Amino acid sequence: MNIIIDGSYITSSLLPFKDGRRLYLPLDTIFPAIGWTYSREANSSLALSYEQLNESRTTYLHDEWNDTLHEIDGHIYIHSKRLSGIIDKEIAFDSQTKTVTITSPTAAELEAEQAYRREMFRKAQEAVEEVVVEVTDSMSGEESQKINFGKYSPPAIFDALYTLDDQLQEEGLSLWDELGFYGGYYCSEYGNTPWDVIVFGWTGGDGVHYGFLTEFGSVTDLNEAPIVMVSPMGGDEAGEVVANNIREFLSILAIDESLLYASFDNEEDYLADLRQDEQSEWAPTEEQKAQRRLVMSRMAAALDLPVIEQPYRYLNQVRTERANKILVSTHDGLGVTNVHPDDVGRQHESLLVDGDLESEELQEYLARATYAGKLALLRDFNAKDFDSEDLENIMVEEMINLGLTDELARKNASAW
């Protein structure tokens, strides 16, 4: 491999090496050329230091051996991304020429980078100007709903739910209490809420919420959109399809809302758990059970909900059918089901999203990826977050090119 530092070729017997996506650089080659030194500390940490007349700084690396740091034949190698952040220099690798380039940013380059970021921000704002408003702590409910629903309108079934709750409230009852969630049209501020989900209800615990999965805007009628449960505390696997549509979702809740949260190996375990709950000291009283049956029967009648006689089997079937529809798998488990005419006859390919993904590899993938593959990539970034502004800018531009303005608006409104 070749090494160029600020325009000068560096000659050394110690060369960088690649381990998968990761590039490791030898400190004994790099540091003398950039005025840095390193030393081992008594606690096995590594001290990286820079000293000039007007500047002095030291970074300590602890417990990063065999990950960020490798020692080979007495020489220490460091992951290029980690080193770049420490020394404030751009480190690039050209896979064609096998050349590592380390560059100190000039004032002109810093200004050009800032100008590029401003331009990307302007383009993103322009692309979503019809649905995006400035996201502040004082964003109104109307503005939040506009971002949340985008091109869609709230289904009429919610008007019926609110009307029924008003009637029940006059009788001293509550529809929302019995359903286990509360209606709300405002957009999610959780960064791992899928960007193609329109939120319609919140449980009030751990940020858990329900929403319509629009399949990146391809669903034409929200009444037929799959329903997802999003558990923000679930990390990068936060979303799960729990019903085929809103009416079946309400039917499941009317039978047993806990079925959505618990996991069972088989139906027998589920039924055994129900029997055990009946014997628990926290089990609802007969009066409470009668009240819930009354409210749920009123809802089923008012909305003419479908009858689901075997809820455990229904939920298993929903999960199985979803899995069978997936064209490209994603880290969050939702996958991508979108069929695009340009993808006919093409092989779908995935790209691993991790902390070592570089802009060059991302752009090469986007140039050859299918439509479904690009959507899968967006799902993975949505779940895992962007490792750098460069990657985010590339994907924002791709979202604009794909016409995903609603999804971009929800992304911008989230507070990852």
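General remarks:
- Estimated vicinal HN-Hα couplings, Hz - the range 35-44 in sequence order (Karplus 6.51, -1.76, 1.60; Gly, Pro = x): x, 9, 9, 9, 8, 8, 9, 4, 8, 6
- Taking the C-alpha atoms only, the angle from helix 371-384 to the longest principal axis of the chain is near 90 degrees.
- Of the cross-linked pairs LYS98/LYS374; LYS146/LYS325; LYS151/LYS411; LYS81/LYS384; LYS374/LYS411, those separated by over 21 Å at the C-alpha level are LYS98/LYS374; LYS146/LYS325.
- Charge dipole (debye, nearest 20) of the range 311-354; +1 at Cβ of Lys and Arg, -1 at Cβ of Asp and Glu: 340 debye
- The mean sequence separation of alpha-carbon pairs under 8 Å and at least six residues apart, normalised by the residue count of the range 141-413, gives a relative contact order of 20 percent.
- Mean Cα-pair separation over length for the range 3-88, i.e. relative contact order, pairs under 8 Å, 6 or more apart, %: 24 percent
- Listed residues SER8, LEU168, LEU61: farthest to the positive end of the dipole of the chain (Cβ charges): SER8
- Dipole magnitude of the range 310-416 about its Cα centre (Cβ charges: Lys, Arg +1; Asp, Glu -1), debye to nearest 20: 1000 debye
- Extreme residue, positive dipole direction of the range 141-413, given options ALA301, ILE147, MET229 (C-beta unit charges): ALA301
- Here the chain is treated with +1 on each Lys and Arg Cβ and -1 on each Asp and Glu Cβ, and its dipole about the Cα centre works out to around 860 debye.
- Cross-link partners of LYS289 among lysines, defined as those whose alpha carbon lies under 18 angstrom from its own and excluding same-chain residues fewer than eight positions apart, are absent.
- Ranking TYR50, GLY74, GLY191 by how far each Cα lies toward the positive end of the dipole of the chain (charges on Cβ) leaves GLY74 at the top.
- Cα gyration tensor shape for the range 1-76, rounded if a/c is under 1.5, else prolate or oblate: oblate
- Phi-based couplings in Hz for the range 166-176 (Karplus 6.51, -1.76, 1.60; Gly and Pro marked x): 4, 5, 5, 4, 5, 9, x, 10, 9, 5, 5
- Computed over the chain with a Gaussian network model linking Cα atoms closer than 10 Å, the most mobile of ILE157, ILE87, ILE72 is ILE72.
Where a number appears in this text, it was derived from the coordinates with a stated rule and is not lab data. Since we're looking at a predicted model, the values are computed, not measured. Note that each Cβ is placed from the backbone with ideal geometry, even for glycine, and that neighbours are counted across all protein chains shown.
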